[in-house]
Amino acid sequence: MQIKLKADSEFITEIDMSSDSRMRVPGLVFSPIGDVSRDSNEQALQQVVNVAMMQGIAKASIAMPDFHWGYGFPIGGVAGIRMEDGIISPGGVGYDINCGVSLLSTPINEHDFNARKNDLMDSLLRKIPVGMEKSRLRIREDHIESIIGGGLKIALEDGLAFDGDLSRTEDSGQFRVESTAGVSKMARKRGISFIGTLGSGNHFLEVQRVSEIFEPEIARDFLIHDLGQVMVMIHSGSRGLGHQVALEFMTEIQNHPEKISHPVDRQLDSIPLDSEVGQRYINSMNCSANYANYNRQSMISATREAFSKIFPSTDPEQYRLSYGISHNIAREEIHKVNGENSRLMVHRKGATRAFSADRMGGTAFEKFGHPVIVPGDMGTASYVLVGTEASSELSLGSSCHGAGREMSRKKAGESFNPEEVILEMERRGISLRAKYRSAISTEAPGSYKNIDMVVKSVVGAGIARVVARLTPLGVLKG
DNA sequence: ATGTTC
């Protein structure tokens with residue numbers, strides 16, 4: 001099949017509906033046509049076309065500049081399904097339910113950090129289990145029930161959060177759960193084993209310096225104050241619990257008589273929200289999201305402990321959460337479709353919410369809009385952006401979530417020598433603590449798209465504004 | 001992403 005691309009503008013590429021007669025809406029990739037049409041994007045582009053064929057899809061099958069191939073949906077994909085069609089597709093959320101990124105503001109500057117860099121990185125590595133290391137929180141079986149039902153509220157009760165953390169976490173860190181019964185025994189068991197752990201692959205904890213501030217007033221609102229200020233970014237998800245939930249529901253739905261079959265890809269099958277299995281999935285997805293929030297919060301708490309111990313003149317309370325964002329979740333939102341407000345089940349998979357200020361009334365971000373935290377690869381830079389009104393018009397209030405893979409894990413593993421990657425990172429003044437050599441290859445900076453180009457694309461398309469640029473000082477990986 | 005091969 002020939003996919004027909006046309007440039008809507010310098011940074012917006014449309015996939016014409018004539019590409020395939022089964023498309024219900026066009027595709028929209030927020031990236032220049034020259035980048036979109038590269039050979040390495042071929043499979044992911046086909047997935048954008050496939051998503052455009054889904055029942056109930058409104059507006060467009062959307063992909064961010066960091067899009068790449070995933071399970072059914074591309075990673076970096078956004079799809080709003082009309083609530084009147086009443087369906088949800090687990091492939092549109094993915095295996096790592098509510099994977100996300102939290103950004104911690106610190107009172108430390110880079111000189112303080114560099115003077116104690118080794119002690120601090122060692123302390124973080126002692127406090128936070130990474131890779132295959134198991135949980136050091138001894139959560140009892142009945143407590144996992146509270147965590148999956150209550151999310152960040154339970155972390156607050158457990159002394160892992162401050163009051164202010166809730167208003168600075170997307171959805172206040174709590175997803176609505178009517179029943180936890182859909183989270184299997186196995187999922188709970190895996191959840192207990194790995195609560196409070198970072199994970200592996202692209203998950204990381206990174207100590208960063210503020211290297212550029214583009215919008216000082218907005219940056220202050222996000223607790224980014226000075227050049228050289230140290231920030232801590234934590235990227236992690238719902239570990240084995242979310243994985244188990246995703247796996248079980250994808251399998252169950254494949255064999256379910258009520259499933260809504262996709263015309264070309266079984267991985268894009270959906271399930272009616274008003275079915276028993278649909279309700280069980282929504283609840284279990286939300287349970288996994290709550291678990292992910294508790295998990296990230298426990299590592300924020302460990303980071304506060306490590307820093308305030310190494311820098312005794314500071315208190316844990318001074319390490320304030322800038323924002324915690326979700327990038328793998330489906331939730332109901334209202335968006336304008338053909339000029340009319342429409343209730344949509346918005347699936348974001350490797351994409352973030354990027355609402356403008358007018359959609360953030362009553363929250364901590366009503367003045368400037370929803371923060372968008374965009375981690376780059378471990379050797380380059382990360383960005384903090386803010387949502388725009390144009391994102392509401394164009395991208396269902398969404399933006400990009402990271403650099404996005406350019407190379408498969410397998411290919412990256414074969415292409416990069418870990419020793420050379422470590423040397424190159426050291427040459428750039430970045431201290432890398434990784435548990436396994438393999439992760440250094442598969443996560444090598446060269447296996448990712450260029451983060452500066454990704455951000456240039458979303459800013460150029462108008463769906464976000466750039467607030468600050470952060471560069472890595474120390475990286476902890478699984 | 002993932003007790004890294006359901």
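A compact table of results
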{"read-out": "Count of the range A:205-224 residues which are touching a strand residue (DSSP E or B) at 6+ places or on another chain (Cβ under 8 Å) and either more than 13 Å from A:L473 (Cβ to Cβ) or of a type in the set (G, A, S) (or both)", "value": "10"}
{"read-out": "Residue tally, condition of a type in the set (K, R) and farther than 19 Å from A:L28 by Cβ, over the range A:315-364", "value": "4"}
{"read-out": "Subset of the range A:179-201 (residues that are among the hydrophobic types (A, V, I, L, M, F, W, C) and within 30 Å of A:A434 (Cα to Cα))", "value": "A:M186, A:A187, A:I192, A:F194, A:I195, A:L198"}
{"read-out": "Residue within the range A:156-164 that is assigned to a loop (DSSP other than H, G, I, E, B), within 16 Å of DNA strand B (Cβ to nearest atom) and under 17 Å from A:S236 (Cα atoms) present", "value": "no"}
{"read-out": "Residue count, the range A:426-444 (criterion: touching a Gly at 6+ places or on another chain (Cβ under 9 Å), within 20 Å of A:V130 (Cα to Cα) and not in a strand (DSSP E or B))", "value": "9"}
{"read-out": "Spans of helices (runs of 4 or more DSSP H) in the range A:104-154 with at least 3 residues touching a Ser or Thr at 6+ places or on another chain (Cβ under 8 Å)", "value": "A:117-127, A:141-150"}
{"read-out": "Boolean, A:M378 is under 16 Å from the mean Cα position of the chain (by Cα), more than 25 Å from A:G56 (Cβ to Cβ), within 15 Å of DNA strand B (Cβ to nearest atom) and assigned to a loop (DSSP other than H, G, I, E, B)", "value": "yes"}
{"read-out": "Residue list for the range A:459-478, restricted to those being surrounded by fewer than 21 Cβ atoms within 10 Å (Cβ to Cβ) and either at positive phi or within 16 Å of DNA strand B (Cβ to nearest atom) (or both)", "value": "A:G462"}
{"read-out": "The range A:200-219, residues that are part of a loop (DSSP other than H, G, I, E, B) and either at pLDDT 95 or above or more than 10 Å from DNA strand B (Cβ to nearest atom) (or both)", "value": "A:H203, A:F214, A:E215"}
{"read-out": "Any pair with Cβ under 9 angstrom, 6 or more apart, that starts in the range A:228-254 at a residue that is without any contact (Cβ under 8 Å) to a residue 12 or more places away in the chain and ends at one that is in a helix (DSSP H, G or I) and away from DNA strand B (no atom under 12 Å from the Cβ)", "value": "none"}
{"read-out": "Search result, residues across the range A:287-306 that are over 18 Å from A:F204 (Cβ atoms), out of contact with any strand residue (DSSP E or B) (no Cβ under 8 Å at 6 or more places or on another chain) and of a type outside the set (F, W, Y)", "value": "A:C287, A:S288, A:N290, A:E305"}
{"read-out": "Within the range A:441-457, tally of residues that are of a type in the set (A, V, I, L, M, F, W, C), more than 13 Å from DNA strand B (Cβ to nearest atom) and closer than 15 Å to A:R428 by Cβ", "value": "1"}
{"read-out": "Filtered residue count, the range A:83-134, keeping only those that are under 18 Å from A:G278 (Cα atoms), away from DNA strand B (no atom under 16 Å from the Cβ) and hydrophobic (A, V, I, L, M, F, W, C)", "value": "3"}
{"read-out": "Which listed residue, of A:K449, A:K410, A:K456, A:K435, is within 23 Å of A:A63 (Cβ to Cβ), surrounded by fewer than 23 Cβ atoms within 10 Å (Cβ to Cβ) and modelled with pLDDT under 95", "value": "A:K410"}
{"read-out": "Scan of the range A:186-199 for residues that are more than 10 Å from DNA strand B (Cβ to nearest atom) and not in a loop (DSSP other than H, G, I, E, B), ordered by number", "value": "A:R188, A:I192"}
{"read-out": "Members of the range A:445-469 that are part of a loop (DSSP other than H, G, I, E, B) and of a type in the set (D, E, K, R)", "value": "A:K449"}
{"read-out": "Looking only at the range A:31-87, and only at residues there that are part of a helix (DSSP H, G or I) and within 15 Å of A:H347 (Cα to Cα), the one that is farthest from the chain's Cα centre (by Cα)", "value": "A:N50"}
{"read-out": "Matching entry among A:G149, A:G182, A:G237, A:G173 (being within 16 Å of DNA strand B (Cβ to nearest atom) and buried (at least 16 other Cβ atoms within 10 Å of the Cβ))", "value": "A:G237"}
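For every residue, the table says whether it meets (1) away from DNA strand B (no atom under 16 Å from the Cβ); (2) touching a Lys or Arg at 6+ places or on another chain (Cβ under 6 Å); (3) under 19 Å from A:H347 (Cα atoms).
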site: A:Q229; (1), (2), (3): yes, no, no
site: A:A246; (1), (2), (3): no, no, yes
site: A:P272; (1), (2), (3): yes, no, yes
site: A:R280; (1), (2), (3): yes, no, yes
site: A:M285; (1), (2), (3): no, no, yes
site: A:S288; (1), (2), (3): no, no, yes
site: A:S298; (1), (2), (3): no, no, no
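The values are calculated or read from the model by the stated rules, or taken from the named source; none is laboratory data. Keep in mind it's a predicted model, so treat the numbers as computed, not measured. Glycine gets a Cβ as well: all are built from the backbone with ideal geometry, and neighbour counts include every protein chain shown.
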